[in-house]
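Each reported figure results from applying straightforward, stated rules to the coordinates on display, with no laboratory input. Computed from a predicted structure; not experimentally measured. Neighbour counts run over all protein chains shown; Cβ positions are idealised from the backbone, glycine included.
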Amino acid sequence: MRIEDGRLIIDGHLCDELAKEFGTPLYVLSENRIRHNYRAFQEALARIYPNVLVCPAYKANWHLAVARIYQMEGAGAEVVSPAELKLALESEVEPEKIVYNGPLKKFEDLEFAISSSVGLINADSFSELKKMQEAARRVRKPCNTGIRVNLGMRAETHPHLATALREHKFGIWLGDAITAYTLAAKNPDLSVIGIHSHIGSNITQSQVFSEMSASMFRLVGQINDATGLKITKIDMGGGLGSSYQVESSAMTYEEYAAAILSQNMLTLRQLGEPTLVFEPGRAIVADAGILLTRVDVAKRQGDINWAIVDAGMNTFLRPALYQAKHHVVAANRASEPRTVSFNLGGPCCESGDVIAKGIISPMLKEGDLLAVLHVGAYGFSMASNYNGQPRPAVVLITGTKSELIRRRETYEEMIAGEMIPSHLSKQF
Ligand code: PLP
């Protein structure tokens with residue numbers, strides 16, 4: 001991104017031209033950045049330990065075009081629903097490279113995943129292990145089974161993004177892991193090959209990743225010894241943070257790779273050099289996206305300057321859900337001195353519908369264009385129709401081209417699933 005004559009440019013494209021052509025609110029994704037990030041992430045790990053499979057988490061960004069970019073880069077996929085699985089298969093991701101996670105998988109979802117030969121399905125509970133066995137028997141195919149283990153590990157992040165403490169709903173508790181593997185090993189319909197943990201998201205400190213990997217590899221040794229199984233896929237989850245604020249710094253990919261691998265090379269050799277699976281979400285796509293939004297109303301309320309913009313919690317939920325702070329740039333006046341504090345409110349009838357608080361910008365006017373940075377992950381994928389707002393359009397920038405990869409929703413699309421019972425239908 002750069003600024004020319006006061007106008008913000010992303011990958012050679014003027015933001016105000018994009019907004020004019022495609023309207024606002026508008027997500028803009030950079031194909032170059034996604035590819036660059038994916039390769040850099042994969043290579044940072046593979047330089048230390050070659051047997052690595054990167055499965056980007058579709059929940060962070062599930063556009064078909066993005067899934068296709070990952071597939072072309074040779075990536076696998078981490079999916080948590082039948083729709084995400086279909087997206088991966090439609091994008092021609094090899095089923096062997098797909099990991100199916102999530103705290104709830106319906107019986108028919110498991111049948112679909114097993115019959116599609118998904119490479120690893122991670123059970124989240126004892127009862128899910130049983131369901132997996134029944135589904136495998138029903139579709140007459142073995143289930144490539146892993147178990148998500150809750151390691152009891154505190155990650156320094158927003159409380160909604162931590163996932164591996166005893167009070168959290170995820171996985172099978174560490175103390176029960178050997179029992180779970182012993183039970184699963186006895187079951188001929190389960191091909192028990194994997195283990196999974198995801199300790200949380202947006203983690204910026206390396207220490208917890210070192211502790212997590214040591215704990216996982218130790219546990220794999222214990223499982224192999226206790227059950228006679230050979231775990232060949234160790235799924236380390238996602239979680240690497242992103243620098244959402246320009247002045248904050250997340251770990252580099254190299255620091256992340258070193259935290260997970262450097263102390264453990266001997267152990268990995270002793271474990272028979274299993275495949276290490278990684279499920280990065282925001283580490284790959286967060287900084288590949290910006291959100292363009294127009295100031296529709298500028299007003300002063302008491303001593304606070306408000307700009308009411310056309311992107312709200314319905315467009316971009318992270319600020320309301322996690323109190324996330326994202327850098328905002330006045331895209332059409334990016335070189336002007338920033339002297340005034342503004343709150344950016346969205347169109348929804350909620351006091352919490354605030355995209356950013358206290359940003360320092362030029363004196364904003366109605367019609368100004370703003371760019372919210374680092375929104376490529378958990379941006380569009382969390383958008384909703386709250387307050388009857390359509391989900392926004394999404395543009396992919398590739399070299400000199402800018403193409404819609406998702407058109408703005410119409411009223412007809414928003415209500416397509418609605419039905420009126422006969423006793424309520426209009427009387428003509
Ligand atoms: N894997 C699992 C199981 C997750 O739940 C998540 C996020 O919730 C991810 C991977 C991706 O996390 P992140 O975007 O922090 O890398």
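Of note:
- Scoring 407-419, 88-100 by mean Cβ neighbours within 10 Å over their residues and listing the highest first yields 88-100, 407-419.
- Listed residues Gln42, Gln323, Gln71, most fluctuating in the chain (Gaussian network, C-alpha, under 10 Å): Gln323
- Summarising the amide proton neighbourhood of Ala377: residues at separation of 5 or more, or on other chains, whose placed amide H is nearer than 5 Å comprise Ala286.
- Kirkwood Rh and Cα Rg combined as Rg/Rh, the chain: 1.01
- Of every Cα-Cα pair in region 80-227, the percent that sits beyond 22 Å: 41
- Remark: the His168-Glu273 segment gains 34.7 nm on full extension, using 0.36 nm per residue and subtracting the alpha carbon distance.
- Residue-averaged 222 nm ellipticity for the chain, from DSSP H runs of 4+ at -39500 (n - 2.57), nearest 500: -8500 deg cm²/dmol
- Treating r as the C-beta distance of Lys299 and Leu424 and R0 as 41 Å, the FRET efficiency rounds to 0.55.
- Kirkwood hydrodynamic radius of region 260-416, from inverse mean 1/r over distinct Cα pairs, in Å: 17.8
- Rounded Å value of the spacing that divides the Cα centres of region 206-285 and region 104-144: 25
- A Gaussian network model of the chain, with springs between Cα atoms under 10 Å, assigns the largest mean-square fluctuation among Asp124, Asp225, Asp189 to Asp225.
- Summing Lys and Arg as +1 and Asp and Glu as -1 over all other residues whose Cβ lies under 13 Å from the Cβ of Leu183 gives a net charge of -1.
- Ranking of Ile355, Ile114 by count of other Cβ atoms within 10 Å, fewest first: Ile114, Ile355
- Likely footprinting exposure, Asp368, Asp5, Asp11, fewest C-beta neighbours within 10 Å first: Asp5, Asp11, Asp368
- Sorted peptide list for 194-200, 394-400, 46-52, criterion being average Cβ within 10 angstrom, highest first: 194-200, 394-400, 46-52
- Cross-link table Lys106/Lys325; Lys59/Lys325; Lys357/Lys401; Lys20/Lys325, entries beyond 28 Å C-alpha to C-alpha: Lys106/Lys325; Lys357/Lys401
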